[in-house]
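A short worksheet on the structure shown next.
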Amino acid sequence: MSFESISRRQFVGLACSATAAFPSVAPAGLTPSDFAEALEQFRRIVGKEYVYTGEHLLSYVDPYSLVDDAGAHATPAAIAPESAEQVQAILRIANQYRVPLWPISCGKNHGYGGAAPRMPGTVVLDLNRMNRILEVNVESGYALVEPGVSYFDLYRHIQEKGYKLWLDVPDAGWGSVMGNALERGVGYTPYGDHFMMQCGMEVVLPSGEIIRTGMGALPGNNTWQLFKYGYGPYLDGMFSQSNFGVVTKMGIWLMPEPPGYRPYMISFEREEDIEAVVEVLRPLKVNSVIQNAATIRSLVLVASINATKSHYHKGPGPLPDSAARKIMADQDIGMWNFYGALYGPPPVMDTLWTIIRDSFAKIPGARFFTPEQRKHENDVLKHRALTMKGIPRLTEYSLVNWVGGGGHIGFSPVSPIKGTEALKQFRMVRDRLHEHGFDYMSVFAIGWRELHHVVELVFDKTNAEETQRARKVFEILIREAADAGYGEYRTHLAFMDQVARTYSWNQGAAQRLNELLKDALDPNGILAPGKQGIWPKRFREG
Ligand code: ADP
C-alpha cells in the first residue's frame with residue numbers, strides 16, 4: 001500500500017490501536033428522530049452512499065488525541081457533497097434542523113486534530129470529493145482549486161502538463177492546498193506563507209448564500225486570482241482559522257520555475273548558538289538575501305528521520321547530553337541545522353551565497369553543506385532539497401516514530417526574529433518538556449518578520465499516563481508562553497479555547513467581535529462550533 005495514496009480511514013485505522021468511539025447520540029439539542037430526519041434530507045442532496053455513519057466514521061477520528069474521553073471530538077455522521085450547490089443545500093437543511101457541521105478539505109490536519117470536529121456530535125462536512133483543479137495559469141502563475149485538491153494532486157497535474165511552475169508545500173504533502181492555506185500553514189520556498197499567496201475565494205456562508213471575495217465580486221472580471229483586495233473591506237482573512245463560511249474555491253499563487261536552484265544546510269554546534277544564528281538571519285531575511293521560508297531545525301527533530309530514541313537511550317526521561325553528542329557524530333549534524341535554498345540565475349545565487357556564507361561563518365563551528373556532500377542516503381538535506389523546490393513528500397512525517405506509540409501534536413508560538421527571544425523561547429520550552437520527560441524537537445521557520453517556533457510534542461499515545469502528561473505540559477506551555485507575551489499561531493482542537501483566552505487584550509475585545517460576527521452570520525450556530533474558541537450564542541449560553 002502506498003503511504004501517499006493511503007485513505008484517511010486506512011491511515012487512522014493504522015494509527016489508532018484503540019477502538020474509536022462513535023457516539024450514536026444525536027448532536028446537542030436534537031432529538032434522535034429529528035437527527036434521523038436531517039440525515040435523510042442530507043441523503044437526498046448528496047446520495048445515500050455519501051452520508052457516512054457507523055464504522056466509516058473511523059476516517060474522522062483524531063489519531064493523536066490527547067483527551068481521555070475518546071468521544072470528546074467524535075462525530076455521529078459525515079456528509080460528502082460534490083459541488084458548491086450541494087454545500088448550499090446542506091447548510092440550509094442544517095439550519096432547519098440545527099445540525100452542527102465541521103468542514104474539512106482533505107482532513108490531514110494531523111497534530112492539530114486531523115479530520116475530527118471540535119465539539120462532539122458535530123457532523124463532518126467532508127469536501128474531499130470536490131477535488132477539481134479548475135485552472136492553472138502558467139503566464140501569471142496561479143491555480144484555482146476546490147477543497148479536496150491535495151498537494152500531491154496539484155503537483156502531479158502540473159508535472160503531467162509540463163507547466164514550468166512550482167508549488168509551495170508543507171512537510172507532509174497529503175493535505176489540501178486549501179485547508180493548509182486556510183489554517184495559515186507554512187511551506188519552504190519563497191512562497192512559504194500560504195495565506196499570503198492565497199488570492200480570491202468562493203465561500204458558502206452559514207445561511208447557504210454564496211459569495212466571491214475580492215475581484216470575484218465583479219461580474220465578468222478577469223483579475224479574481226490576480227488582485228487580492230478588490231474593493232471595500234478585505235474579507236478573505238475572515239474565512240481563515242474561522243467558522244464564518246465554507247470555502248468552495250480558492251486561488252493560490254504559484255512560483256515560476258527559477259533558472260537555478262541550490263539548496264544548502266549549515267550546522268551549528270551548541271544549543272546557545274540559536275541566539276547568534278537568529279541575529280545573523282534577521283537582516284538577511286528582511287533584506288531578501290535569504291529568499292525562502294528557511295528553517296532552523298533542532299538536533300532531535302533532524303535525528304528522528306533516521307533514528308529512534310530507543311537506539312540511543314532506553315530509560316525514561318529526555319535524551320541525555322551524552323546521547324545527543326553521539327547522535328551529532330553519527331549523523332554528522334549540529335545542535336541546530338539551518339536549511340535554506342538559493343533561487344535564480346547563477347550569478348545572482350553566487351552573490352547571495354557569498355553574503356550568506358560569510359555572515360554565518362562568523363559563528364564558531366558553523367559548517368556548510370550541499371546535498372551532494374551529505375553521506376547518508378536518507379539525509380534530511382536530501383529530502384529538504386526536494387521540499388524547498390515544492391515537491392510534496394511524506395518522508396519527514398517519520399518524526400512521529402521517535403518514541404514508540406507515535407502520537408504528536410504541535411505547539412506553535414510566534415517569536416520576533418531576535419536572538420535573545422529565540423533563545424528564551426527555546427529554553428522555556430526545552431526546560432518544561434525535559435521536566436515532564438519529553439524531548440525538545442522543533443523547527444524555527446522564518447517568516448517575513450517573525451519566527452514560527454513549531455515544537456513537535458511526540459508521545460506514546462498507547463500509554464495513558466504519558467498522554468496525560470503531554471496534555472498537562474501542553475497546557476503549561478500555552479500559559480507560560482502567554483505570560484511572556486508569546487501567542488500560538490494555530491493549535492490542536494483540545495486547546496482552542498485556552499489559546500483563544502490568551503488573546504485577551506482589552507478584556508477580550510477581539511473575541512467579542514468574533515462572537516458578534518459569528519452570531520450575525522450564523523444565528524443558529526451550525527458551522528464549526530468552537531473552532532478557534534469561537535462559540536455561537538446557543539453553545540456559549542449552554
Ligand atoms: P488538510 O489540508 O491538512 O487536509 P483539513 O482539510 O483538515 O486540512 O483542514 C484543516 C482545517 O481547516 C479544518 O479542520 C477546518 O477547520 C478548516 N477548513 C478546511 N477546509 C475548509 C473549507 N473548505 N472551508 C472552511 N474551513 C475549512
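In percent, what relative contact order does region 172-269 have, based on Cα pairs under 8 Å that are 6 or more apart in sequence?
Numbers: 134 pairs, mean separation 27.3, N = 98.
Relative contact order of region 172-269: 28 percent.
Placing R0 at 56 angstrom, the Cβ-Cβ distance between residue 325 and residue 37 gives a FRET efficiency of 0.30 after rounding to 0.05. When each of the peptides 214-220, 372-378, 119-125 is scored by the mean number of other C-beta atoms lying within 10 Å of its residues, the order from highest to lowest reads 119-125, 214-220, 372-378.
Over the chain, accessible surface divided per residue gives 40 Å², non-protein components excluded, 1.4 Å probe.
Report relative contact order for region 426-482 in percent, whole number only (criteria: Cα-Cα under 8 Å, sequence separation at least 6). Mind dumping the intermediate values first?
On the way: 48 pairs, mean separation 15.4, N = 57.
Dividing the mean separation by the residue count of region 426-482 yields 27 percent.
Treating only the Cβ atoms of Lys and Arg (+1) and Asp and Glu (-1) as charged, compute the dipole magnitude of the chain about its Cα centre; round to the nearest 20 debye. List each step's numbers first, then the result.
Values: 55 positive and 58 negative charges, 58 e Å.
Dipole about the Cα centre, nearest 20: 280 debye.
Among the GluC sites (Glu not before Pro) in region 254-307, which ones are in a DSSP loop with at most 11 other Cβ atoms within 10 Å of the Cβ? Mind listing them? Write out the running numbers ahead of the final one.
On the way: sites: 269, 271, 272, 275, 279; in loops: 269, 271, 272.
Answer in residue order: no site qualifies.
Here is the list for region 434-505: trypsin sites (Lys or Arg not before Pro) lying in DSSP coil, each with at most 15 other C-beta atoms within 10 angstrom of its C-beta, are 449.
Quantify, in whole percent, the carbon and sulfur part of the accessible surface of region 176-224 (1.4 Å probe; protein heavy atoms only). Display every interim value, and only then the final one.
Working: 930 of 1640 Å².
Carbon plus sulfur share of accessible area: 57 percent.
Between region 231-277 and region 34-50, the C-alpha centres lie 38 angstrom from each other.
To the nearest ten degrees, helix 346-360 and the longest principal axis of the Cα atoms of the chain are 70 degrees apart. As a test, work out the antiparallel percent of DSSP beta bridges whose residues both lie in the chain, rounded to the nearest 5. Roughly 90 percent of the beta bridges in the chain run antiparallel, per DSSP.
What number, in percent, do you get for the relative contact order of the chain if the mean sequence gap of Cα pairs under 8 Å and at least 6 apart is divided by its residue count? List each step's numbers first, then the result.
Details: 1138 pairs, mean separation 83.9, N = 542.
15 percent.
Which lysines have a Cα lying under 26 Å from the Cα of residue 375, excluding residues fewer than 8 positions away in the same chain? Within the straight-line limit of under 26 Å, residue 375 reaches these lysines: 309, 326, 362, 389. When a 1.4 Å probe is rolled over the protein heavy atoms, the share of accessible surface on region 284-387 that falls to carbon and sulfur comes to 58 percent. For region 413-466, the fraction of 1.4 Å probe accessible surface lying on carbon and sulfur atoms is 52 percent.
The values are calculated or read from the model by the stated rules, or taken from the named source; none is laboratory data. Note that the structure is predicted; figures quoted are calculated from it, not measured. Heads up, the Cβs are rebuilt from the backbone with ideal geometry, glycines too, and the neighbour counts pull from every protein chain shown. Heavy atoms of the whole protein, side chains included, go into the accessibility calculation; ligands, DNA and RNA do not. Shrake-Rupley method; radii C 1.70, N 1.55, O 1.52, S 1.80 Å.
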